[in-house]
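Just below is one structure, and these are the notes that go with it.
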Amino acid sequence: MKRLWQAAIEARENGIRENDLFFDVASTSSPYGEATVKNAYTPFGPIEGSVAVNPYYSYQSIFDHIIKPGKIPELTRYLCDLILHHLWKVDAFSGMDLEAFYVRFLEEDIVAGAFGPEIPLEDFTDKEIRRIAYFYLRLCRTGDYERCFCDVLRSFYQNSWINAREDGSIVLILNHDLSSKEERKVFALQSIFLQAGRICKVFWDIPPGIVECEETTIGNFVLF
């Protein structure tokens, strides 16, 4: 058994969208916990999720006036679902520091399309969008485009090498498998965190080395 906010986050991480999450007030509830996730998966993937809730575990003063133990009318179940959708967010936000609170709001703006087509949302996971929101908040506070870009890129590609050259250009060696999806993600990060016109050369699997050397004891190298 979990707390309400823990069950809601678990369902979201399993691919359940907020609008497909239903908080079902159980007619009979366990006294040892507040919520448990049900129906998080279907044969066709995660489409709809249900969270069974004991409304008296933390919110007795609210639900005592709305429901009575035993059979709960259908309309009342949907009213409770609306209330619990609000309560789990309040509960989740209450333990955050101010920065995490801002990051959550910025994350919601990104998902709502505040950055427009620069972020192909289907290419990023929820955790990656939260990471973008965190570094963008830092960018707003510091104005250090280059540092924030390097830091967010390293958080996505931990084996990457980043070289800021004297002429103002940036060379990225990502050491990551190339795919169209990853290309779109890197371009999105460039669009968000680098100033317009900043030259950025991206290489996926070519380490630095010596020009026109066909082979060394540890492979082929190219020097820029």
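The values are calculated or read from the model by the stated rules, or taken from the named source; none is laboratory data. None of these values were measured; they are calculated from a predicted model. Neighbour counts run over all protein chains shown; Cβ positions are idealised from the backbone, glycine included. In case anyone asks, the SASA skips ligands and DNA or RNA and just uses the protein heavy atoms, side chains included. Shrake-Rupley method; radii C 1.70, N 1.55, O 1.52, S 1.80 Å.
General observations
- The range 70-89 residues that are in contact (Cβ under 8 Å) with a residue 60 or more places away in the chain, paired with ones that are among the charged types (D, E, K, R) (beta carbon under 8 Å, 6 or more apart): H85/E18
- Odd one out for Y102, checked against (1) open to solvent by 90 Å² or more (accessible area, probe 1.4 Å); (2) modelled with pLDDT of 80 or more; (3) farther than 30 Å from Y134 by Cβ: (3)
- Selection within the range 58-90 - assigned to a loop (DSSP other than H, G, I, E, B) and either under 9 Å from V25 (Cβ atoms) or open to solvent by less than 100 Å² (accessible area, probe 1.4 Å) (or both): S58, Y59, D64, I66, I67, G70, I72, P73
For every residue, the table says whether it meets (1) of a type in the set (D, E, K, R); (2) more than 25 Å from A112 (Cβ to Cβ); (3) modelled with pLDDT under 90.
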{"position": "E146", "(1), (2), (3)": "yes, yes, yes"}
{"position": "V152", "(1), (2), (3)": "no, no, no"}
{"position": "F156", "(1), (2), (3)": "no, no, no"}
{"position": "E166", "(1), (2), (3)": "yes, yes, yes"}
{"position": "I170", "(1), (2), (3)": "no, yes, yes"}
{"position": "N175", "(1), (2), (3)": "no, yes, yes"}
{"position": "Q190", "(1), (2), (3)": "no, no, yes"}
{"position": "A196", "(1), (2), (3)": "no, no, yes"}
{"position": "W204", "(1), (2), (3)": "no, yes, yes"}
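- Residue pairs meeting the criteria (Cβ under 7 Å; at least 6 apart or on separate chains; first open to solvent by 40 Å² or more (accessible area, probe 1.4 Å) and among the aliphatic types (A, V, I, L, M), in the range 138-164; second modelled with pLDDT under 90 and assigned to a strand (DSSP E or B)): I162/I170; I162/L172; A164/I170
- Residue selected from the range 165-186 under the condition surrounded by 15 or more Cβ atoms within 10 Å (Cβ to Cβ) and hydrophobic (A, V, I, L, M, F, W, C), by the criterion farthest from W204 (Cα to Cα): I170
- Residue check for I132: of a type in the set (A, V, I, L, M) and surrounded by fewer than 18 Cβ atoms within 10 Å (Cβ to Cβ): no
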